[in-house]
Amino acid sequence: MRKKLIVGTVALLLLFTLVASFLWGGPERTDKAGSGSQIAVIYIEGVIMGGRSGSDFLSGATAGSMTVMDQLRKAAEDHTVGAVVLRLNTPGGSVPASQEIAQEITRLKETGKPVIASMGDMSASAGYYLAALADIIVANPATITGSLGVYMQVANYEELYDKLGIEYNYIKSGEHKDMGAPNRKLTPREEEILQGMVNDIYEQFVQVVADGRKLPIERVREVADGRIFTGKQALELDLVDKLGNYYDALDLAAEVAGIPGKPVVKTYYRPSPLELLLGGQTPLTFVWQGVRVNHTSPSLYPGNVGLGGE
């Protein structure tokens, strides 16, 4: 009886989700307006990772680089779009995924369409990395942003494994092939190797922010120590340009693009209820220094590079 109840509940939930996805899960788009008269809004919500955007019960929403890049390309090629708003609500994420997205933002700007970053609750670490590429950044006074930096987390369960009687044996091709294995400490040489990788990614991060914000690189280094800022503090540090909400960002985008009247908004993708229920992504590893958020963060393991989210 209990099993039937569980199966019935799941079936009803799936049915509701399918119906809901048809009702409001599709893209919001209007093609009636003329050339360059619309504003495309591209959402970067959740941890930034490789693959498609999605969600699962443990990690929450993820902004997949493939999904976001596809939207950026559509906005670049869409003759009805005169400006783009990046709506950011993310603690950070994967380094390579963020760099893939960043390259498409740069290509979009090369079309001459202005790009406005609109920060929501949080746009930290890799979220700020992407915002720095925009022509103008708008944040709320209490938006959590900044967190410029990189970290790598390597777990060591050696003592726990000893207590449980678990023993790992590695057959490896090279001295460092098991670097970061959870059953032992890193050697001094391995710490040096990983620190060198973190330092290299950090330098890339700082350079992107300095170029995007047109700030001296040493000035960026002064604030790129992993600390977070409110939107108001970031404004005082020249890390954002204006204080305002999503609608202020839309109005600003219309003004910069020379779009008269109330702008028509176009979006290419929002996660449907079905995707939010069944979607999922794999964990990330390397991170731009992130901040803890109120959902279970993905576990971090060496081997893949990522920006923020812990």
Going by what's in this entry, would Lys214 be described as more than 19 Å from Tyr128 (Cβ to Cβ) and open to solvent by 80 Å² or more (accessible area, probe 1.4 Å)? no
Number of the exception - Glu222 against (1) open to solvent by 50 Å² or more (accessible area, probe 1.4 Å); (2) out of contact with any helix residue (DSSP H, G or I) (no Cβ under 9 Å at 6 or more places or on another chain); (3) more than 30 Å from Met119 (Cβ to Cβ): (3)
Could you tell me whether any residue of the stretch 287-302 is open to solvent by less than 80 Å² (accessible area, probe 1.4 Å), in a loop (DSSP other than H, G, I, E, B) and at pLDDT 85 or above? no
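For the stretch 154-186, how many residues are acidic (Asp, Glu) and open to solvent by less than 50 Å² (accessible area, probe 1.4 Å)? Break it down into steps so the answer makes sense when it comes.
Initially, the stretch 154-186 is screened for residues acidic (Asp, Glu), giving 158-159, 162, 167, 175, 178.
Among the residues that remain, those that are also open to solvent by less than 50 Å² (accessible area, probe 1.4 Å) are: 178.
The number of residues fulfilling the criteria is 1.
Which fully enclosed helices (runs of 4 or more DSSP H) of the stretch 38-151 have 3 or more residues being touching a helix residue (DSSP H, G or I) at 6+ places or on another chain (Cβ under 9 Å) and open to solvent by 10 Å² or more (accessible area, probe 1.4 Å)? So that I can check it myself, show each step before the final result.
On the way: elements: 65-77, 95-109, 126-131.
Passing ranges, in order: 65-77, 95-109.
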Is there a residue in the stretch 242-265 that is out of contact with any strand residue (DSSP E or B) (no Cβ under 9 Å at 6 or more places or on another chain), open to solvent by less than 80 Å² (accessible area, probe 1.4 Å) and closer than 25 Å to Gln103 by Cα? no
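The values are calculated or read from the model by the stated rules, or taken from the named source; none is laboratory data. Everything numeric here is computed off the predicted structure, so don't read it as measured data. Because the Cβ atoms are built from the backbone with ideal geometry, glycine has one as well, and the counts that use them run over all protein chains shown. The area values use the complete protein model at the heavy-atom level, side chains included, leaving out ligands, DNA and RNA. Shrake-Rupley method; radii C 1.70, N 1.55, O 1.52, S 1.80 Å.
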